[in-house]
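Below you'll find the structure, written out as structure tokens, and then a few comments.
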Amino acid sequence: MQLEAKNISFRYDKKSPWVLKDVSLSIQEGERVGIVAPSGFGKTTLARILAGYEKPSEGQVLIDGKELPSKGFCPVQLIYQHPELSVNPRWRMEKTLNECFTPDEALLAKMGIEKEWLHRWPSELSGGELQRFCIARILTPKTKILICDEISTMLDVITQAQVWNILLDIAKERNMGMAVITHNKALAEKVCTRTVRLDK
Amino acid sequence: MRNTSLWNRRTRLTLLIVLAATYLLAVFFWGLFIDPSEYGVHYENKLLAPSGQHLFGTDAMGRDMFKRCIKGLSNSLVIGLLASLVSSVVALIMGIASAVFGGFVDRFVNLCVDLCMGLPHLVLLILISCMAGRGTVGVTVAVALTHWPSLTRIVRQEVLQLRNTQYVLASRKMGKSYLTIALTHMVPHVLPAYLIGLILLFPHAIMHEASVTFLGFGLPKEMPAIGVILAESMNHITTGKWWMALFPGLMLLLAVVLFDLIGETLKKLWNPNSGNE
């Protein structure tokens, strides 16, 4: 599958300044595109638009030439920057993990998710542990494109490396497309097949 | 470390809830099915102090106060239950609609809430009670129809806050319908605050029923209700008949405290920050 952003511009209302202006971007199957910009250049907004959370003010986001579905499972999935905000604090982790599909044991083992964690509440896990759940829960076979919005910023260096290794393995194995949003140029160079700069 | 001993805090709290609920249910059903002759008039026993035979003593007509209390509390619980049922349905629908649709609906609901909360509660109760024909029906309708505004506000606030959280948005992108999201994400989140609201509504409803009755717009005099009993006991308290006010008052207090206890304990058990302690 191919995700294509055609000349998208975004602002919150008619009078406010443009957050994004005329951004075009395409992500092919198996491709990992790094989107790099300093803070405040609309990286997260772009991520939300690409994943269909927000409608662009101008331009369109197409998946295989069609608009993103507004109902049903979206083949473009977003992993958030703040895992602690992305899981329901009142659900035990088991329920969060199995919200849209049941990941098999092998995937859980690979992600380093321990059985014991499944019965805990989010407040009893650390950010890195939660982020593994957030990633694992959307790695269904139906997910074709992953948008990673600063997913490793809150992790320590070792965990960062672990999470990225797993994610890259799975992306290669399934030939998923990925958009890696980060302000860390070194990371983008390491994991991506090419990088796009928003600040130019 | 998980606490694996059988007698941990969780078990203790659950036991506490079961005990409290058992007491309230026992009073409720005992009163519901009690034989009216058990609190009938016996002039030969009038104004007896508490004893083995009459645990709470008797009143000026020789009626057994203990049985009357049970029946009265049970009656009050029925009215409280009706009030909370109606209020909960109204509050849920209005609160969720107001938060989800926003705009005109939101403004309309807020207007209704302000209107209801702006009027003195007792005046509203008396008005509705009179319009609905006074008596049992009148007071029940009045109490049932006037306790939803605060609950509506609670529900609206919670849903409003929840609607734009990342996990609700993510759930939507995972293909969940609005109904599923409402049932799996919103309801469990709103439920604790909502239940506490409901449980706090019980004593309110009972008190309001008592005050309207006291003012003569509510339950008929012959009907045993805590409000009626307390109002009657006021005539006798100056002559030293302390038991007529003390015991019914204590029963009411106990019921209110137990409701509060159930609410608070449930809150602790369901709260993710303290649930596994």
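Annotations for the structure displayed:
- Extreme residue, surrounded by the fewest Cβ atoms within 10 Å (Cβ to Cβ), among residues of region B:171-197 that are within 10 Å of chain A (Cβ to nearest Cβ) and farther than 30 Å from A:A47 by Cβ: B:L191
- The set of residues in region A:49-58 being in contact with a helix residue (DSSP H, G or I) (Cβ under 9 Å, 6 or more places away or on another chain) and either buried (at least 19 other Cβ atoms within 10 Å of the Cβ) or within 12 Å of chain B (Cβ to nearest Cβ) (or both) consists of A:A51, A:G52, A:Y53, A:E54, A:P56.
- In region B:142-170, residue farthest from the other protein chains (Cβ to nearest Cβ) [restricted to those that are of a type in the set (S, T, Y) and surrounded by fewer than 21 Cβ atoms within 10 Å (Cβ to Cβ)]: B:S150
- In the set (1) more than 14 Å from the chain's Cα centre (by Cα); (2) at pLDDT 85 or above; (3) under 24 Å from A:R48 (Cα atoms); (4) surrounded by 15 or more Cβ atoms within 10 Å (Cβ to Cβ), A:A186 fails one condition alone, (4).
- Restricted to region A:108-122, and to residues there that are surrounded by 15 or more Cβ atoms within 10 Å (Cβ to Cβ) and in a helix (DSSP H, G or I), the residue that is nearest to the chain's Cα centre (by Cα) is A:M111.
- Close pairs from region A:71-91: first touching a residue at least 40 places away in the same chain (Cβ under 8 Å) and more than 8 Å from every other protein chain (Cβ to nearest Cβ), partner among the polar types (S, T, N, Q) and buried (at least 18 other Cβ atoms within 10 Å of the Cβ), Cβ under 6 Å, at least 6 apart: A:P83/A:Q131
- Among the criteria (1) out of contact with any Phe, Trp or Tyr (no Cβ under 7 Å at 6 or more places or on another chain); (2) crowded, with 21+ Cβ neighbours inside 10 Å, the one B:L254 does not fulfil is (2).
- Some residue of region B:58-71 being in a loop (DSSP other than H, G, I, E, B), under 28 Å from the mean Cα position of the chain (by Cα), at positive phi and not aliphatic (A, V, I, L, M): no
The values are calculated or read from the model by the stated rules, or taken from the named source; none is laboratory data. Please read all numbers here as calculations on a predicted model, not as lab measurements. When we count neighbours, we look across all protein chains shown, and the Cβ atoms used for this are built from the backbone with ideal geometry, even at glycine.
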